[in-house]
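Data block below; observations after.
A short reminder: the numbers here are calculations on the coordinates, not readings from a lab. All values reported here derive from a predicted model rather than from experimental measurement.
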Amino acid sequence: MTSTAAIATGSSPRPTTYPDEARAAQLRAGNINPRTGLATDYLNHFNEAIMLLEMVPDMPECASDFLEWTPLSYAEHFTASNFKARDLAIEAYEMTDAQIRAEFDHLTDNMTKILTEVGAAMRQVQQDRSRVALAEQAIVWVKPLVMLTAGVINGAAATDVDTIMASN
């Protein structure tokens, strides 16, 4: 119905729903940031590793639990998860702005590299105190990267990320 027809019939025109608005609503409903196309659920993969590493200083035998952690890509994480919008999360990631995705991938690649290298080092050392030192250092490296990655996922500006990092 045109606006002229709406005036002639006395009814008001229906608001137009744009595909972008519908897509944003769909992403929000799936716990995916509509501005970035990324979901914070992926950070659970890294937070799990951090949690396991945090147990090592008090219970060095928990290093074996950390050593069972395996790196997963974004798509692998969601494919293996029970995340309600997992297919949408993978699709949205693939359509994410190239610059945002490159920054996100760079951060997650660094976290993965740190965690796999620490795992390799833990497999080689025999003393608990060495495993504890490795775990503690990994935590110091990875936790800030998780925060930076959350900033990327949530569309934080670089100044926001700088503020977050300065407060730690």
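Determine the relative contact order of segment 33-166: mean sequence separation of Cα pairs under 8 Å and six or more apart, normalised by residue count, in whole percent.
Here the relative contact order equals 39 percent.
Kindly write out, for segment 54-62 in residue order, the coupling ³J(HN,Hα) from the Karplus curve 6.51 cos²θ - 1.76 cosθ + 1.60 (θ = phi - 60°), rounded to whole Hz, with x marking Gly and Pro.
Going residue by residue, I get 5, 7, 4, x, 8, 9, x, 5, 6 Hz, with x marking Gly and Pro.
What's the center-to-center distance, using Cα atoms, between segment 73-135 and segment 36-70 in Å?
Cα centroid of segment 73-135 versus Cα centroid of segment 36-70: 10 Å apart.
From the phi of every residue in segment 128-136, what ³J(HN,Hα) in whole Hz does the Karplus formula 6.51 cos²θ - 1.76 cosθ + 1.60 yield, where θ is phi - 60° and glycine or proline is x?
4, 5, 5, 5, 4, 4, 5, 4, 4
Could you run the Karplus curve 6.51 cos²θ - 1.76 cosθ + 1.60 with θ = phi - 60° over segment 86-91 and give me ³J(HN,Hα) per residue in whole Hz, x for Gly and Pro?
4, 5, 5, 4, 5, 4
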